[in-house]
Each structure stands twice: as C-alpha cells, then as structure tokens.
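Derivation of every value follows stated rules applied to the coordinates shown; laboratory data play no part. Since the structure is predicted, the reported quantities are computational estimates derived from the model, not experimental observations. A quick note on method: Cβ atoms are made from the backbone with ideal geometry, for glycine too, and the neighbour counts reach across all protein chains shown.
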Amino acid sequence: QAKYKERGTVLAEDQLAQMSKQLDMFKTNLEEFASKHKQEIRKSPEFRVQFQDMCATIGVDPLASGKGFWSEMLGVGDFYYELGVQIIEVCLALKHRNGGLITLEELHQQVLKGRGKFAQDVSQDDLLRAIKKLKVLGNGFGIIPVGGTYLIQSVPAELNMDHTVVLQLAEKKGFVTVSEIKSSLKWETERAKQVLEHLLKEGMAWLDEQAPEEPQYWLPALFTELYSQEITPEEAKEAIP
Amino acid sequence: MDRFSWTTGLLELGETLVVQQRGVRLSDGEEKVKFDSGVLLLSTHRLIWRDQKNHECCIAVPLSQIVFIEEQSSGIGKSAKIVVHLHPASSNKEPGPFQSSKYSYIKLSFKEHGQIEFYRRLSEEMTQRRWESIPTGQAMQVNKNTQAGRIRAVGIVGIERKLEEKRKETDKNISEAFEDLSKLMEKAKEMVELSKSIANKIKEKQGDITEDETIRFKSYLLSMGIANPVTRETYGSGTQYHMQLAKQLAGILQTPLEERGGIMSLTEVYCLVNRARGLELLSPEDLVNACKMLESLKLPIRLRIFDSGVMVIELQSHNEEEMVASALETVSEKGSLTADEFAKLVGMSVLLAKERLLLAEKMGHLCRDDSVEGLRFYPNLFLTQS
C-alpha cells in the first residue's frame, strides 16, 4: 500500500518537473515571438481576434491573469484591463440616462472619444472581450444580442429571457408597444405589461403616454439621436466615485 | 567528437528548438573531454552544446549524422547517459574542436537529470526527420537588399514602387506573424495537454499530491492561462501571487475605504487600483481571486457578496447592519426614499445605496413600494407599530 502511494507521488513529481521545464521553454518561445510581433498585437485588431480565437481553441485564456505569460510578455493584459476601466467609466457616467443599458456602438464611440486621438485603435471585438472579463466582478455586466448588434448591461438588474426578447423587438424602432408585443410574440397583455413595467422601474425604458394610438415604451439605449452626445462634466464626476 | 562543428548557436531560419537541458557533459566515446558542463539543445536540425561558463564556446552536429541512440541508466556516482552513434564526418564539414577521433560515438551525461525527456524528444526527431523537409538558411542578414541594390526611384513611378514594397513588407510581416503565431499555439497546446494529464493523475490519486505540489501546479496553470481543473477548498483558484496581492490590497485600500464610509464595490476597487498602477494591471479575475483570500489571511478588509451578486470590499470594522440602522433613520426623516435619492443624501454610489436599502428591507426595517415610478423604500410600520 505504502509502496503504491510512494510511486504515485513520484509520478506526479516527475510530470511536474517536466511541466516546469516545458514552461521555461515555452516562455523562451513566447519571448522570441514577442520580440518580433508585439507591435502587431498592439496595432492590429484583426491580429488580436486571430490570437484570441487560437487561444480559445486550444483552451488557454490569455486574459485570465495579469501574471500570466501572455499578459506579461505580449502586453495583451494591460490593453484589455485598461479598456475594462474605460468601459466601466463610460457605463457609470451614462447610467442615469439609459438605466444601465447601452448599445455596443455607443459604448464604442464613447470609449474612443475618451481615449483621445493618439490612442491605439480599439475594435468592438476588443470591447466584447474586455466586458466578458468584467463579468466576474459581480457588477451585473452582461451582453445581450439584439438585431445585428449587442446591448451591454452594466447594472445588476435581473433581465430574463422575456425581457431580452422585448428588448430585441424594440431594437428596430427604439420603442415598443403592448400591441406589438402581443402580435409579434403572441403573449397575453399581462405578461407584456409585466416586462415593460420591469424595464420602466429599472430606468431602462421611458413611457410616452401621449403617443397617438397607445403608450409607447422607449429605450434610451436605442435612441440613435443620443449617440455621440458628449458626456457632461457632471456625468463624468459620477463615473469616478 | 570530430563530427562537431563550431557554431554561433543561433537557430537558423526554419530551425525550431525542441528541448534543452542544462548540466550536460560530453564525452568522446569512453574518454572525457573539456566539454564538461553545458546546455544541450535539441532542434529540428541539430544537436547543439553550449558551455555554461563560456557562452562563446558552442558546438553542434547535424541530426542527419546520427545513426542510432541508446540509453545508459544511472548508477552509483554515475549520471544517466545517452550514447549517440554517428556516421563518419563528411568531408565538407565546418571546422570544429576535433580533427579526428578514434570513436564513432559520443556520450551525453545528464548531471542534472532530464535524460528521459531528452531521449524521448531525440527519438521523436530521429523518427520524424524534420530536417529533411524543412530547408534552413543563414540567419537573417541585416542588409536585405544586397542582390537588388538600392534603386534610386524618382517621380510617381518611384513613389508607387515604394508603396508597393511597403505593402508587400507589411503583408509579409503579417503573414510571418500569423505563421509564428500558429507555431507558438502548437507549443501552447502541448502545455495544455500535459496539464490535463497531470490534473487527471491528481484526480485519480485524490490526495497523494502534496500541498506544495498543488501550489506549484496552480502557479504553472496561472502562467499559461489554463483554467484550474482541480479545485481545492483551502484557497480556491488562488496562488502565491494572489496571496501577495491580497496583502497588498489590504494596504492600498485602507484609506480609500475610510474615505468612502468603509465600503466599496469591486468595480470601484478594480478601477481605483488599476488607475493607480498604470502598468502591469490586474485582471478582474486576479482581483476576485485575491479578495477571496482576504478572510483566511485575517486581513483588515474583507469581501462580501450580496444576494444580488454585487461584490464589495469592507473594512473589518465596518458593520453594514449598523449602517442599516442609520439608513432607517434617514428614510424615516424623509418619509420615503428611492435608492437614487438616498445615494445623493448620504454621498454614496447608487449601487451601494440600493444594496443597503435592500439589506434593511431583508432585516425587516424597510418596506418597498414597487411601482412604475421606481422602487421606493418606507419605514416598516408593520414592525414598529405592532
């Protein structure tokens, strides 16, 4: 019995030693790669996508830790973690306008503005990856597919499938009515109203009772006219508590 | 030993490093030579030995020269060895340390172990014979335009030509980058496979692996960005790094917490810490893993997770339940308050204000009025007036 146990430990030790050595080798390879192509990662969003996809395919998360090799040697970490900070700031600043829902387009525009003229180019794919990492902070970050794009949620409000599908319905015109929900989704009035009221309470929808036929529920996140509206100084203060 | 040639030790184009091992001594057949302590490198094309003390001293032999290899296990006072039988040296061989030798084999002594792995890799390379299919060239010359010369191009034609060259250069850079990336990923994949194999062994053994080994394994996974397949209750996904980080955070956050009433959301902490660092930022996961260790390390700050999933850092001295009592007073004074209003009054973030009011409700001090106008909290008169 004892002999088997001993052998077991020896096996693990041997493999660990092997892994340690291979890790050193890999680090060397990565350093070599970095010395030749680090610029590529910083400059090219396309290259970043390739890089991320390849990592995902083999089961490696280059953004898991700032202490990982990828982060340390390729600088991918800092790029995305800093982006995370900028995303949080924009979402906080605009939360009172849109209840914590914002389209990926608007987020992209606002982040680019915040980064200034001389910063590196940042793509929507970059934003999505940064947001996926932010989820773990428990602040309610979420990504909701709507139409051809995404709504980014940045508050811990619970949005279930019903809410999501109504958001998707509203994406076309920026607003939705009870009748539309009933006819498109074949729901009963009560169910439609519950969903809309929840969105109102969360500040994600505004009610226009003076619309001609019936009340319209508008989603500020989807107001295209509000895009590229500057973040006011008051809002900016809100972003940095 | 006369099959070896002097070399710079630089890998050539197309040549890839397979494995390397320190502490290797070379012998000419049965005789010792002055190559006593070096790093032995195996590439797809050559066996390279570099003196550990004098890096200028570097020799190599092409793998194509190898006839076959044998293992010699270690004994008392003797390291394990690999015996490498070689073809006679070719006539156009580059000059090396020996002009002649009476032996047709050399011995590699692994004074610092590693012979099992090295033997395995060398056998693989001998089977695959990659040197036959991958041509190598000289390491890159600095001046690429030796052949073409620098054509002085003038006018629009010249500009166009320059742009074309630049574009080709960029394309070449990108495709070279992608090629290199693919190769790199293959190696990373090997690491993932190995870690899975180790993880399986750990699962099977169920505790025959020491705490020390667990810690080492976790740090290897962290370096590669491989998800930890074996969770340990003691520290979760935490590693030594996260432990250190936890201690650092306790120091950094003391004052900010005091300034903010003893409590901050994890997103606030993430932004604060990373803005302060500027470089070598923390990943969100780093922060969470470090915070999960705060309690067990008995640090003056702690992680708390509300029912909603919101995560906060509190000073140990902070008592949210006590704050609820003062929140109740505030709400009573005003009759009723929404999270927004309360936040403005008290000078808190809306997120934390809401959590406090929800907690007060959970404790029975407040009631909610949930209408389309928003969520409003009232003192719970059912409780106080019954």
How much FRET efficiency would the formula 1/(1 + (r/R0)^6) give for A:K193 and A:I143, where r is the Cβ-Cβ distance and R0 is 30 Å, rounded to 0.05?
0.65
Using only Cα atoms, locate the centre of the range A:156-226 and the centre of the range B:62-122, then give the distance between them in Å, rounded to an integer.
76
Let a ≥ b ≥ c be the square roots of the eigenvalues of the Cα gyration tensor of the range B:21-73; is it rounded (a/c under 1.5), or, if not, prolate (a/b larger than b/c) or oblate?
oblate
Output the 0 to 90 degree angle, nearest 10, between the alpha-carbon long axis of helix A:124-134 and the longest principal axis computed from the alpha carbons of chain A.
80
So for B:T44, A:T189, B:T16, fewest C-beta neighbours within 10 Å to most, what's the order?
A:T189, B:T16, B:T44
Peptide-level mean, for B:310-321, of C-beta atoms on other protein chains within 10 Å:
1
What translational diffusion coefficient, in µm²/s and rounded to a whole number, does the Stokes-Einstein relation yield for the range B:320-383 at 4 °C and a viscosity of 1.567 mPa s, taking the hydrodynamic radius as the Kirkwood radius over Cα pairs?
115
Tell me the Kirkwood hydrodynamic radius of the range B:5-131 in angstroms, computed as one over the mean inverse distance between distinct C-alpha pairs.
14.7
Cα shape, the range A:66-122, gyration tensor, a/c 1.5 rule:
prolate
Counting other beta carbons within 10 Å of each Cβ, put A:R191, B:R130, A:R48 in order, fewest first.
A:R191, B:R130, A:R48
Positive-end extreme of charge dipole, the protein assembly as shown - chosen from A:S44, A:L107, B:G158 (charges on Cβ)
B:G158
The protein assembly as shown, Cα convex hull volume normalised per residue, Å³:
249
Starting from 0 in steps of 10 Å, tell me what percent of the Cα-Cα pairs of the range A:107-228 lands in each bin.
12, 39, 32, 14, 4, 0
So the angle from the long Cα axis of helix A:189-201 to the longest Cα principal axis of chain A, reported in degrees to the nearest 10, equals 70
Taking chain A as the reference, fit the longest principal axis to its C-alpha atoms, fit the long axis of helix A:2-43 to the helix C-alpha atoms, and give the angle between the two in degrees, 0 to 90, nearest 10.
60
Taking neighbour counts of Cβ atoms within 10 Å as a proxy for exposure, in what order, fewest first, do B:S336, B:S317 appear?
B:S317, B:S336
Could you state the orientation-averaged shadow area of the convex hull built on the Cα atoms of chain A, in nm² to one decimal?
19.6
Taking only DSSP H segments of four or more residues, each worth -39500 (n - 2.57), what value at 222 nm results for the protein assembly as shown once the sum is divided by all its residues, to the nearest 500 deg cm²/dmol?
-16000 deg cm²/dmol
How large is the Kirkwood hydrodynamic radius of the range B:233-386, in angstrom, based on all distinct alpha carbon pairs?
16.8
Please compute the volume of the convex hull spanned by the alpha-carbon atoms of the range A:50-185 and report it per residue in Å³.
134
Rank A:G59, B:L383, A:G140 by how far each Cα sits towards the positive end of the charge dipole of the protein assembly as shown (+1 on Lys, Arg Cβ; -1 on Asp, Glu Cβ) and give me just the farthest.
A:G59
Volume per residue, Å³, of the convex hull around the alpha-carbon atoms of chain B?
279
Where a ≥ b ≥ c are the square roots of the eigenvalues of the C-alpha gyration tensor, would you call the range B:238-314 rounded, which needs a/c under 1.5, or, failing that, prolate if a/b is larger than b/c, or oblate?
rounded
